[in-house]
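Everything on this sheet refers to the single structure shown next.
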Amino acid sequence: MKFLALETSCDETAAAVFTDDLRILSSVVASQNELHVRFGGVVPEIASRAHLRNLLPVVDEALARANLKLSDIGCLVVHNTPGLVGALLVGVTAAKSLAFALGVPLIAVNHVASHIYACRMAAERDIFPCVGLVVSGGHTALFRCDTPLSLELLGTTRDDAAGEAFDKVAAILGLGFPGGPALEREARSGDPKAFAFPRSFLDSPTLEFSFSGLKTAVLYACHGQGVSKGIAPPADQKRADLAASFQEAVVDVLAGKCRQALQQTGLKRLAVGGGVSANLRLREKLRALDAEVFIPPLDLCTDNAAMAALAVEKWKVGDFAPPELDAHPNFL
Ligand code: KG4
Ligand code: ZN
């Protein structure tokens, strides 16, 4: 049984083919980075139009790499929530049309749940029950995951997502977009103890996050209070120190909240997903926790369609999407 999955929730157009025994036959991702870079962030309308242009070529490529034809596909899969609604709608409409044309069922999966399932795909064995941490440009949330399909929200961010904070601080430091990888590179030559940035809620039992105060603290440490935009980035060593100290603060909070979530739930496994889990310092700190830690390789961390193999779990229980399936921008 072959599944074709589509992902268009933000600024990556992706398609993947996998089997009911969870083998990934192909996974293709077309990045839109060069379209958004001059705006310093993802522009939703540009993202939707790029998905329209890119989706069918990406599907063709995924089928070609899997050495299959469209008629070999037995089930369509799509991420229909959460994300940019116009972007999601491109994938949802394409998946519905293809399923209807082929006369095969359609399965809708949650993008955030798929980020956690990416750990299951990489581990090639069961990882549930576990605590799930999803850290991306749009989300920072902890879940209790008793099964792949039952996610209980333990805590989320009250303001910026961790990846959003990386992107905004990278912009303050003049490091470009997307900021996460650039900031991590800059941090390598900096001192993580140079600036004592705040670690919100770290000493409280709550499993919520907040990163906007940290972002403002970096802005003030960089330029002094009372300034916001249009200021030249700081000199080299100060910039590296700011980057390293900021990264250390984010990583301390993420690792600290994971430790608390593991203690509070009594669970012994931690599954981590989303673009920020590409960060090597975060990986290092999470791996030091007293738990079995699952973090997928880079191509399964950032947005992709192979992680939508979560659909196989739904297929096993006959949980198919109706023809009137819609896209939902909000979480869960
Ligand atoms: O999961 P993802 O590809 O897309 C969303 O669903 O948001 O995550 C993208 C986010 C961006 O904010 C990007 O700056 C961040 O992940 N990111 C990183 C790193 N690589 C990507 N943040 C920190 N360190 C990295 N190495
Ligand atoms: Zn994502």
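Every number in this text was worked out from the coordinates using simple rules, so none of it is lab data. This is a predicted model, so every value here is computed, not measured. Note that we place each Cβ from the backbone using ideal geometry, even for glycine, and neighbour counts take in every protein chain shown.
Projection of the Cα convex hull of the stretch 126-298, averaged over all directions and equal to a quarter of that hull's surface, yields 9.7 nm². Restricting attention to the stretch 126-298, close to 60% of DSSP beta bridges with both partner residues there are antiparallel. How large is the direction-averaged shadow of the alpha-carbon convex hull of the chain, in nm²? Taking a quarter of the hull surface, the average projection is 16.2 nm². Peptides 75-82, 4-11, 32-39, ordered by how many other C-beta atoms sit within 10 Å of their residues on average, highest first, read 4-11, 75-82, 32-39.
Placing +1 on the Cβ of every Lys and Arg and -1 on the Cβ of every Asp and Glu, with nothing else charged, gives the chain a dipole about its Cα centre of roughly 380 debye. With respect to the cross-link table entries Lys168/Lys314; Lys257/Lys314; Lys215/Lys238; Lys257/Lys316; Lys96/Lys257; Lys285/Lys314, which display a Cα-Cα separation exceeding 27 Å? Check vs 27 Å cut-off fails for Lys168/Lys314; Lys257/Lys314; Lys257/Lys316; Lys96/Lys257; Lys285/Lys314. Couplings 3J(HN,Hα) of the stretch 44-53, computed from phi: x, 5, 5, 4, 4, 5, 5, 4, 4, 5 Hz, in residue order, whole Hz [Karplus 6.51 cos²θ - 1.76 cosθ + 1.60, θ = phi - 60°; x for Gly and Pro].
Taking a straight line from the alpha carbon of Lys69, these aspartates and glutamates sit under 20 Å away, with near neighbours fewer than eight places off in the same chain left out: Glu7, Asp20, Asp21, Asp60, Glu61. The phi torsions of the stretch 114-128, fed into the Karplus equation with coefficients 6.51, -1.76 and 1.60 and a -60° offset, translate into couplings of 5, 4, 6, 5, 4, 5, 4, 5, 5, 6, 6, 7, 5, 10, 9 Hz, rounded to whole numbers, with Gly and Pro shown as x. For Ile107, nonlocal amide neighbours, meaning residues 5 or more places apart or on other chains whose placed amide H falls under 5 Å from its own, are Leu76, Val77, Val78, Ala321. As a rough guide to protection, the peptides 315-325, 180-190, 121-131 ranked by mean Cβ packing within 10 Å, highest first, stand as 180-190, 121-131, 315-325.
In this Cβ point-charge picture (+1 for Lys and Arg, -1 for Asp and Glu), the stretch 9-111 has a dipole of about 160 debye about its Cα centre. Antiparallel beta bridges, as assigned by DSSP with both residues in the chain, represent about 60 percent of the total such bridges.
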